[in-house]
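The values are calculated or read from the model by the stated rules, or taken from the named source; none is laboratory data. Please read all numbers here as calculations on a predicted model, not as lab measurements. Backbone-built Cβ (ideal geometry, glycine too); neighbour counts: all protein chains shown.
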Amino acid sequence: MPKKINEMFGVSEEALKNEGVFNGFIDIDSKFHVDPHLLQATKISELKDSYQRFQEHFAQIIHLLQVTKNSEDRFFRAAHQKLIFPELPFVSLGYSSEGSSGRGIGSGIAMNLTKTAWEIIQAGITDPVIFELVGLIEENIGADRISDMTIYIIFSDLLVYSERVAKNLNLNTVPVDVSGQELCLPAVLGSNNPTVFIPYEILNDLPVANGACDIDRVCAYNEELRNRVNDIIGDSWQNATKRKKITKRELKNILLNNPDVLRDLVEQYKKNPAEKYDFENDPSGQLIWYSLAKEYVNLFPLLLDVDKVTPENILQVVIKICNNFKVLVEDNGLAVHFWSDSKNLRNERFAQLLFYGIADAYCNAHNLDLNREPNAGRGPVDFKISNGYKARINVEVKYTSNNIRAGYEKQLPIYNAAERTEYSIFLIIKTTDSTRALDELLKFRQSEISSGRRVPEIFIVDGRINPSASKAK
């Protein structure tokens, strides 16, 4: 099983929770982001001035752009420099055993952002809050990059916070020189890589995109935020757009051509408190999969009946793991966890991680190596299970509510070519009552077989809470 930060530091989950620390996973990226709107209400003492620091940074940029005459003058160039956010060492919302950093914002994206900010200021909007909302209208700027900007600006506060937590919990530390100041930051015993802790109360969840067939998920955050704008602006917003879906460029033009709407947006945004993510119930399932995997593996152990995994039996071994996963889902109550308490389907990534956690535990019990490789080659795939160079298999987990045909046609064949896998399994979790997409996929697979092509295996698991009498088999 993967490990969490508390396990790496040898402290209890409760200990980290009491210090307000987000307890992420090792080498598994978190899909949470630091929300600057949440900084205003934080109770972390070291972060009491963080929001003011955030606003002051952008107030300086606004001042520079207010006196800018053209994009070549020194004021514009100075503003541009302040919108470049280099990658930061030590910090990640998913702890990495090798050390990690955010992506940051380079000169190109910063230049586009500077030009957009200048246009906004020329439209009469000079509130620094606009930079919290710029992801609405600026290409290549989303919640993840706004999070990176925020972390960069409040980095010194996070360092002091991490040092205090390390001292309170008596964690192993390493000395780090930060701008001439020596701090003792937490580090896993035997490692020289310091860790910067992030308080969970300044985090919100971020929808995920795992590949080309999930491109709608990339836009989901922006669409969700547009809907939020729709709620707080009301009729003026409706009259400005006249449409349900618009691109960032179109939205940018609408807001710049209707500065009163943009000004209203800023004011309403400031009045509405940010909503914290519900870590207790974890509605998107970004953390709960871990405890569920451990619980179900302990309750339902699996005997693989093999002394050694070979190229000849690896497919049978993995199919047995998939079969057991199917039983856990369909007969032992695991299916209910694909759905949140509000009966909304959790993100597909939840199912992928849940399968990964369960499969990993069974593999470890039989010395079968499992490596999760979400970005192997050109085509993302979720898991690679291997035992030696010639005994390798990958498993992709998909919901029927997503584009299963695209995943089957494009992702796995590309991955197979890149990784030289021996076998592939397309594990489909049925989350819809309609069978049309699944029937079409099975028909397509049969036509490929008839044409003599090598195709991935298809494995179907019914993940509905109340499945119909005709279960997929």
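For the reader, a short list of remarks on this structure follows.
- Extreme residue, modelled with the highest pLDDT, among residues of the range 135-161 that are charged (D, E, K, R) and within 17 Å of the chain's Cα centre (by Cα): ASP148
- Applying the criterion of being of a type outside the set (Ser, Thr, Tyr) and farther than 23 Å from LYS443 by Cα to the residues of the range 385-417, the residue that is modelled with the highest pLDDT is ILE393.
- Count of residues meeting criterion [surrounded by fewer than 22 Cβ atoms within 10 Å (Cβ to Cβ) and assigned to a loop (DSSP other than H, G, I, E, B)] in the range 146-170: 2
- Residue that is of a type in the set (S, T, N, Q), assigned by TED's automatic domain parsing to the domain that holds ILE393 and within 28 Å of GLU139 (Cα to Cα), where the choices are ASN313, ASN257, ASN347: ASN347
- Residue pairs whose Cβ atoms lie under 6 Å apart, sitting 6 or more positions apart in sequence or on different chains, and linking a residue in the range 31-53 that is buried (at least 21 other Cβ atoms within 10 Å of the Cβ) to a partner that is in a helix (DSSP H, G or I) and among the polar types (S, T, N, Q), are HIS33/SER147; VAL34/SER147; VAL34/THR150; PRO36/THR150; LEU39/SER50.
- In the range 299-327, the residues that are without any contact (Cβ under 8 Å) to a residue 12 or more places away in the chain reach residues that are surrounded by 12 or more Cβ atoms within 10 Å (Cβ to Cβ) with C-beta atoms within less than 7 angstrom, at least six apart or across chains, in these pairs: ASN313/VAL306.
- Scanning the range 254-283 for residues that are closer than 18 Å to ASN344 by Cα and surrounded by 15 or more Cβ atoms within 10 Å (Cβ to Cβ) yields a count of 4.
- Condition check for GLU440: over 20 Å from GLN316 (Cβ atoms), modelled with pLDDT of 80 or more, surrounded by fewer than 22 Cβ atoms within 10 Å (Cβ to Cβ) and of a type in the set (D, E, K, R): yes
- Test: residue in the range 319-336 that is among the basic types (Lys, Arg) and over 14 Å from GLY463 (Cβ atoms): yes
- All conditions in (1) under 19 Å from ASN402 (Cβ atoms); (2) surrounded by 21 or more Cβ atoms within 10 Å (Cβ to Cβ) hold for LYS343, with the sole exception of (2).
- Criterion violated by ASP282 - all others in (1) modelled with pLDDT under 80; (2) on the phi > 0 side of the Ramachandran plot; (3) not β-branched (Val, Ile, Thr); (4) not assigned by TED's automatic domain parsing to the domain that holds GLU14 satisfied: (1)
- Top-ranked residue of the range 338-364 - restricted to ones that are among the aliphatic types (A, V, I, L, M) and assigned to a helix (DSSP H, G or I), ranked as nearest to ILE26 (Cα to Cα): LEU353
- Hey, VAL297 hydrophobic (A, V, I, L, M, F, W, C) and under 21 Å from LEU368 (Cβ atoms) or not: yes
- Residue check for ALA335: part of a helix (DSSP H, G or I), within 27 Å of the chain's Cα centre (by Cα) and surrounded by 22 or more Cβ atoms within 10 Å (Cβ to Cβ): no
- Of all residues in the range 443-472 being among the small types (Gly, Ala, Ser) and in a loop (DSSP other than H, G, I, E, B), the one that is modelled with the highest pLDDT: GLY463
- Some residue of the range 352-364 being of a type outside the set (Phe, Trp, Tyr) and closer than 11 Å to THR431 by Cβ: no
- Hits in the range 312-330 - residues which are in contact with a strand residue (DSSP E or B) (Cβ under 7 Å, 6 or more places away or on another chain) and part of a loop (DSSP other than H, G, I, E, B): none
- Residue satisfying all of: in the range 173-188; surrounded by fewer than 15 Cβ atoms within 10 Å (Cβ to Cβ) and among the polar types (S, T, N, Q); nearest to TYR161 (Cα to Cα) among these: GLN181
Table: residues versus (1) out of contact with any strand residue (DSSP E or B) (no Cβ under 7 Å at 6 or more places or on another chain); (2) assigned to a helix (DSSP H, G or I); (3) under 24 Å from PHE355 (Cβ atoms); (4) among the acidic types (Asp, Glu).
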site	(1), (2), (3), (4)
ASN253	yes, yes, no, no
ARG263	yes, yes, no, no
GLN268	yes, yes, no, no
PRO273	yes, no, no, no
LYS276	yes, no, no, no
LEU292	yes, yes, yes, no
GLU295	yes, yes, yes, yes
ASP305	yes, no, yes, yes
